[in-house]
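Report on the structure given below.
The values are calculated or read from the model by the stated rules, or taken from the named source; none is laboratory data. Note that this is a predicted model, so its numbers are computed, not measured. Using ideal geometry, Cβ is built from the backbone for each residue, glycine included, and neighbour counts are taken over all protein chains shown. Areas reflect the complete protein model, heavy atoms only, side chains present, ligands, DNA and RNA absent. Shrake-Rupley method; radii C 1.70, N 1.55, O 1.52, S 1.80 Å.
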Amino acid sequence: MKPTIAPYPATRLRRMRQSPALRALARQNTLTVDDLIWPVFVMDGKDTETPVASMPGVVRRTVDRVALAAKEAQSLGIPAICLFPYTSMDARTEDCAMAWDSGNLTNQAIRAIKDVAPDIAVMTDIALDPYNINGHDGFVENGEIVNDRTVDALVKMALAQAEAGADILGPSDMMDGRIGAIRAALEADGHQNVAILSYTAKYASAFYGPFRDAVGASSALTGDKNTYQMDPGNSDEALRLVERDLSEGADMIMVKPGMPYLDICRRVKDSFGVPTYAYQVSGEYAMLQAAAQNGWLDGEKVMMESLLAFKRAGCDGILTYFAPEAAKLMQT
Ligand code: PBG
């Protein structure tokens, strides 16, 4: 059934744009605080924060400060916080053993958050890079990033995070078979209610640059991640990956980066209709902040417009460093 459009002047599409009231009635998509997941960086130490130079407004926090930040996020109504560790050099080894240590930074932070802000969902990152001497998400053998041995390690990492109390696990490593392996281990270990938000369509992107500064991985990384992250020229492959991850037990799927890949968000949502998230990554954040700091863009307006774009593209939520700022703006 095709809607009938009367010819001009009977149809004047500007009629519905003439006032805030009519625009509000006609608006199809809106952003709410329920759509936000806030990524935060955790570091060693006590009662300290250090700025991330390439991400103005973003800091690394010690575990106690992360707990306070989570409490504030909870009071703003932000549903989830996502933890990324900034690890010291001695925590990075070839065998990546700290990745599944129950006392590592992420696991300490999960427990500290649960103590003071029990209602905010805690999401984690599953990948070996913060603990890997060469900065890769998987084990490196003779210059190759090996798949199956990495999956075994990721399973151990997932179980340690679930044990610490994580609500949502975020495998960001792009190894094949990891969702199924993690799901099976969670079921076997009594963690059947732990959700998996799979970094499903994660592209090999230059937009992660500032993040690698934030977690201290830029200098550690040897080579690139092109043998495991997706080629930016591909679109159909994203659908195959989503189908695969859903069949292995993912509850939610992610497209990453966000803004340059909105076409992928839309295709995924239209094809599968499952909970779909985009990661507005560090480089996207840095671009908008840099332009705003120069007075070239209105920072608040582009923040809100860029987040709304994800909703329009079909996403159910967004991982964004803007989460607290956007949440505050929506309160007023
Ligand atoms: C690593 C990881 C990365 C990001 C999240 N997890 C970087 C990478 O793959 O090199 C990027 C996030 C961002 O840029 O904001 N497993």
CD proxy at 222 nm, helix term only [per DSSP H run n ≥ 4: -39500 (n - 2.57); per residue of the chain; nearest 500]
-11500 deg cm²/dmol
For segment 9-72, with every protein chain kept in place, what is the accessible area per residue (1.4 Å probe, Å²)?
61 Å²
When only C-alpha pairs under 8 Å and at least 6 residues apart count, what is the relative contact order of segment 101-225, in percent?
27 percent
Compute, for SER205, the solvent-accessible surface of its heavy atoms (probe 1.4 Å) with the complete set of protein chains present, and express it in square angstrom to the nearest 10.
20 Å²
Between segment 108-131 and segment 67-89, what is the separation of their alpha carbon centroids in Å?
8 Å
Before anything else, pin down the relative contact order of segment 30-331: Cα pairs under 8 Å, at least 6 apart, normalised by residue count, whole percent.
19 percent
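What fraction of the Cα pairs in the chain, stated in percent, has a spacing above 37 angstrom?
Values: 9017 of 54946 pairs.
I get 16 percent for the Cα pairs in the chain exceeding 37 Å.
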Given a 1.4 angstrom probe, I'd like the percentage of the accessible area of the chain that is carbon and sulfur, rounded to a whole number.
52 percent
Compute the long axis of helix 178-188 from its Cα atoms, compare it with the longest principal axis of the Cα atoms of the chain, and write down the angle in degrees, 0 to 90, nearest 10.
70 degrees
Per-residue HN-Hα couplings for segment 194-209, Karplus 6.51 cos²θ - 1.76 cosθ + 1.60 at θ = phi - 60°, whole Hz, x for Gly and Pro?
7, 8, 10, 9, 7, 6, 7, 9, 9, 8, 6, 10, 7, 6, 8, x
Please report the spacing between the Cα centers of segment 251-299 and segment 191-233 in Å, no decimals.
14 Å
Rounded tilt (10° steps) of 236-248 against the dominant C-alpha axis of the chain:
60 degrees
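What pairs in LYS256/LYS311; LYS225/LYS256; LYS225/LYS311; LYS46/LYS71 have C-alpha atoms more than 19 Å from each other?
On the way: LYS256/LYS311 15 Å; LYS225/LYS256 14 Å; LYS225/LYS311 29 Å; LYS46/LYS71 17 Å.
Flagged as over cut-off: LYS225/LYS311.
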Give me the one-decimal nm value for the distance between modelled label points at GLN331 and LEU22, 7 Å along each residue's Cα-to-Cβ direction.
3.6 nm
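Would you mind calculating the gained length between ARG149 and ARG240 on full extension (0.36 nm times residue separation, minus the Cα-Cα distance), in nm to one decimal?
Working: separation 91, 0.36 × 91 = 32.76 nm, distance 2.32 nm.
Extra length from ARG149 to ARG240 when fully extended: 30.4 nm.
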As I understand it, the value is the acute angle between the Cα axis of helix 148-164 and the longest principal axis of the Cα atoms of the chain; what does it come to in degrees, rounded to 10?
80 degrees
Which aspartates and glutamates have a Cα lying under 15 Å from the Cα of LYS301, excluding residues fewer than 8 positions away in the same chain?
GLU284, GLU325
When all protein chains stay in place, what accessible area (Å², nearest 10, 1.4 Å probe) is found for ASP231?
90 Å²
Pairwise label distance in nanometres, GLU141 with ALA204, each label 7 Å out on the Cα-Cβ vector:
2.1 nm
